[in-house]
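Structure record follows, encoded as structure tokens.
Nothing in this text is a laboratory measurement; each read-out follows from the coordinates by a stated rule. Model, not experiment: these values are computed from the prediction. Here Cβ is always computed from backbone atoms with ideal geometry, including for glycine, and neighbour counts include all displayed protein chains.
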Amino acid sequence: MKQILLIDLHSASHELFHQLTAQGYYVHQVNNAFDALIKMETLTLEAILLDFAVPKMDSFWLLIARRAPTPIIVIADANSELERINALELGADDYLSQPVNVRELQLRLNILKRRTQIPVNDITEQQVRFDDVNYTVHLVDKPLILTQTEYRLFKYLYERQGVVVTKAELQQRVLHKELGRFDRNLDMHISNTRRKLVKGNLPRDLINTVRGQGYSFSF
């Protein structure tokens, strides 16, 4: 299911939430920086919708959001030309005026997706090589240099591709400790690995988050 992060304070967001859900999207709605960062780091998102009304939305939000290889669409005040210009100057991919038309949002997402698609061939098993000495994975002859922990996580998931591996199993087999209730180490390592995939023009979603279960590797 396509996932969208909605960072919003307006009461009108409830209507947008229900409209997007009706169109088949899974909407993660937050209203603060901490929750937004957690979602950005742990989910594969179709888009990030930012409302300038959220406190510290300006450059702070957009600079943080640039870390994610996800289209950033600002929800701007319909009567504020300065707000819309400011959003684009700060790095937003696009903007929509309130109230948001869901059909227009879908069309803009499709356009942004075509623009940002990673231009690499489909990766097959024959195009993946592991260098256990240098902790490097070669994908379609592109080197992915990882830390030792990131490398072991990537290889463990790869060897079990198509199977959902629980966080508890990864924590125990790769990090060699029990999974604590508030332990974020595993999510952080996965997030860093995905960021390196994107930086190397490789598909971020080779490692998929399976909500409420764990992670899986899939071509």
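Okay, here's what the table says:
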item	result
19 Å Cα-Cα threshold exceeded, pairs from LYS142/LYS199; LYS142/LYS196; LYS39/LYS167; LYS167/LYS196; LYS155/LYS196	LYS167/LYS196
Other-chain or far-sequence residues with amide H under 5 Å of ILE75's (modelled H)	LEU50, ASP51, PHE52, LEU96
Extension reserve of the ASN192-LYS167 stretch, reckoned as 0.36 nm per residue once the Cα distance is removed	7.4 nm
Contour excess over end-to-end distance, with Cα ends at PHE219 and THR44 and 0.36 nm allotted per residue	61.5 nm
Percent of Cα-Cα distances greater than 19 Å, calculated over the stretch 157-219	29
Distance (nanometres) between label positions extended 7 Å along Cα→Cβ at VAL210 and LEU88	4.4
